[in-house]
Amino acid sequence: MWPAIWTLWTVVFAVAETIALVNRREGDTLSETTRRLFRTRTSKAGRAAFAVGWIGFSGWFAIHILSETM
């Protein structure tokens, strides 16, 4: 059941992001929402928080997938 749920989640995200890209309205893509959430345009602390979070998650996920650990 979980593979179907993850597949559905991926498809829903892909459709939503595609609609956002096609309609070209400001502030509706994942990237724009992330920038707004972390205030990356106006806050050094927001930029740092995003960078630390992204690098931390990416590093953990790479190790998690490649070493097959939880």
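No value in this document is a laboratory result; all are computed from the given coordinates. For clarity, every value in this text was computed on a predicted model and none was experimentally measured. Note: ideal-geometry Cβ built from the backbone for every residue, glycine included; neighbour counts use all protein chains shown.
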Some residue of region 23-34 being within 12 Å of the chain's Cα centre (by Cα), touching a residue at least 12 places away in the same chain (Cβ under 8 Å) and not in a helix (DSSP H, G or I): yes
Only one of ALA48, ALA14 that is assigned to a helix (DSSP H, G or I) and over 15 Å from the mean Cα position of the chain (by Cα): ALA48
Any chance GLY27 is loosely packed, with under 10 Cβ neighbours inside 10 Å and not hydroxyl-bearing (Ser, Thr, Tyr): yes
